[in-house]
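Q: One structure, as structure tokens, below. Some questions next.
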Amino acid sequence: ASAEDWATRSIYQLLTDRFATSDDSSTPCDTSLHTYCGGSWAGITHHLGYIQDMGFDAVWISPVVKNVDGTAYGDGYHGYWSADMDALSSHFGPAADLKNLSDALHARGMYLMLDVVVNHMASPPNNTNPSVSNPFGIDFSALSPFRKQADFHKQCFIQDFTNQTEVEQCWLGDAKLPLADVNTEDAGVVAALCENIKGLVKTYGVDGVRIDTVKHVRRDFWAGYRACAGVFTLGEVETDDPAYAVRYLGPLDAVLDYPAFYNLTRAFSSTSGDLSRFASVPALPALASSSSPSLSPASASTSASAASSSASPAPLLLTAAFLENHDQPRFPSLTADGALRKNAMVWPFVGDGIPTLYYGQEQGYEGGGDPANREALWLSGYATNKPGVALVTTLNKVRKHAMKANPEFVVTPKWGRCHLIPVLPPTSSPIALLALVFLHRPASFPFPGSFAPFPPLALALPPSLTVPSLLGSLDQPIRRSHPYALQAAPPHPLH
Ligand code: ABC
Ligand code: CA
């Protein structure tokens, strides 16, 4: 599926090991043990109704390939420690179960998103001798398809995350578990990675890929890799700097909106959070289309791709918007304030990005940082009477309805959130503001002309979803020391 196909979707992100067991047994799961809890691909298949009933039409599963286990940091239950990129992990069921999951998703009109790691492979150290070329005595021959030391960069750990060469060519991990950094400058390695992703996409009917550690591989690698995948590509670029993240838009179809995540968290995790800063972060696709030629998508890709031809229309650039994921403390671990929690959950569903919900959010899970944020979902009994379930179901419903009424709803690259929130009345709670932005979003917003009245988006809401009923169900009084003291936004430098 293409970026156009994904633009209207809502993604449910899960860790296969933690979502559902094959036989629905309620196995205990102590996240602090860093080991397998028993979730499987068949388990996911059995619980697709739970996901679809909330309005999600895409599922992002954790990496599927064979990992290393028994390391100083535990087992590869999360999937990010590849040992063999061409073999499936044996922990989540046979290959047929993954194929079944894919078929079951497609039968429901849903998409499968696979998580893949290109940047590194994991290999436990055998010894430490800093003076030799292989300082941790890594047995490269135990890895596959890259089996020799020359397939990896020379060992050094990333120390300075502001040094891009170091970020790309030194290693993640540490002496207890070095993540051997794949030599993505080598033509043979590049070709093998291409075959690998082609094979996975074809064999398992994959509709899109989430790509790990994108900023740790040279940027001009990605356009070629995207072409090999042949489906929608969503990159993980962990940064709070929009100008940095946007460099990977174009080479890839989309990036996870980490800059918005950081600002969303900062805005809503306390009653004195910085809403202005949140409001002024530019939408990444808007930033991409207005940035300098050297950063534009067309010149970003050196290898041939249809998207970079100057004759073809500008490619659709997207983000995936999220409040939680498997690397960050769950939002409710940051604040006990129910209104703040609810408000923060709204944002990913009302912006331009593809809403992406991390499993367990709907159940109100409260785990802190990795590994506490990786609780087993079966311990919730998949309850559907939780407030979080009702909230995301409503948000997905309204979003779908708005898109149907006005297809331009999903792609409004000329104006981002930066123009909207600050111009709304400062009296409502953020959740109401966001809902208003959402419901009243016109096809072309008259910025910087007059802000009022807001021309309502031409959409006929079903009787059960009137604006008052929506606000009634979403709105909650919220305690803030300085209630939304938003100034008129300074003109954004890009406009
Ligand atoms: C395990 C243990 C941990 C232990 C660790 C050493 O080993 O569980 O308790 O502390 C996988 C597993 C993890 C595992 C790691 C390492 O592997 O899931 O459980 O941790 O073995 C991706 C995945 C992630 C995955 C990996 C590795 C990569 O989503 O699940 O982890 O395959 C960096 C990478 C990013 C990566 C992330 C974990 O680390 O860039 O791709 N995620 C700064 C840097 C970022 C960096 C981040 C965290 O720190 O710039 O590049 O992410 O180290 C903002 C700034 C940001 C800044 C943040 C902290 O602050 O703008 O730039 O990020 O303001
Ligand atoms: Ca690298």
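Q: Would you kindly derive the ³J(HN,Hα) couplings of region 394-399 from the backbone phi angles with the Karplus curve 6.51 cos²θ - 1.76 cosθ + 1.60 (θ = phi - 60°), listing them in order in whole Hz, with x for Gly and Pro?
A: 4, 4, 5, 5, 5, 4
Q: Here's something else I'd like to know. Please list, in chain and number order, the residues 5+ apart from ASP274 or on another chain whose amide H is under 5 Å from its amide H, with Hs placed from the backbone.
A: Placed amide hydrogens put ALA267 under 5 Å from ASP274.
Q: Which order, highest average first, do 357-370, 143-156, 23-36 follow once you tally other Cβ atoms within 10 Å for each residue and take the mean per peptide?
A: Numbers: 357-370: 20.5, 143-156: 16.7, 23-36: 13.5.
Going from most to least packed, we get 357-370, 143-156, 23-36.
Q: If we count every other residue with Cβ under 9 angstrom of CYS228's Cβ, Lys/Arg +1 and Asp/Glu -1, where does the sum land? Spell out each step's value before the answer.
A: Working: positive: LYS198, ARG226; negative: GLU195.
Net charge in that neighbourhood comes out at +1.
Q: Quick check on packing: order 96-102, 184-190 by the mean number of other C-beta atoms within 10 Å, highest mean leading. Walk me through the numbers before you get to the answer.
A: Details: 96-102: 19.3, 184-190: 15.0.
Packing proxy ranking, top to bottom: 96-102, 184-190.
Q: If you average the C-alpha positions of region 207-265 and of region 14-41 separately, how far apart do those two centres end up, in angstrom?
A: Comparing the Cα centres of region 207-265 and region 14-41, I get a distance of 28 Å.
Q: Along region 175-183, what does the Karplus equation 6.51 cos²θ - 1.76 cosθ + 1.60 (θ = phi - 60°) give for ³J(HN,Hα), rounded to whole Hz, x for Gly and Pro?
A: Couplings: 4, 6, 8, x, 9, 4, 7, 5, 7 Hz.
Q: List, in order, the whole-Hz ³J(HN,Hα) value for each residue of region 126-134 obtained from phi through the Karplus relation with A = 6.51, B = -1.76, C = 1.60 and θ = phi - 60°; use x for Gly and Pro.
A: Per-residue couplings from phi come out as 9, 6, 10, 8, x, 7, 9, 6, 10 Hz.
Q: In addition: If amide H atoms are built 1.01 Å from N in the plane of the peptide, which residues on other chains or at least 5 residues away come under 5 Å of the amide H of TYR111?
A: ALA58, VAL59
Q: Using amide H atoms built in the peptide plane, which far-off residues or other-chain residues are under 5 Å from HIS120 H to H?
A: Under 5 Å from the amide H of HIS120: VAL182.
Every read-out reported here was derived from the displayed coordinates using simple, explicitly stated rules and does not represent laboratory data. Everything quoted here is computed from the prediction, not taken from an experiment. All Cβ positions, glycine included, derive from the backbone under ideal geometry; neighbour counts span all protein chains shown.
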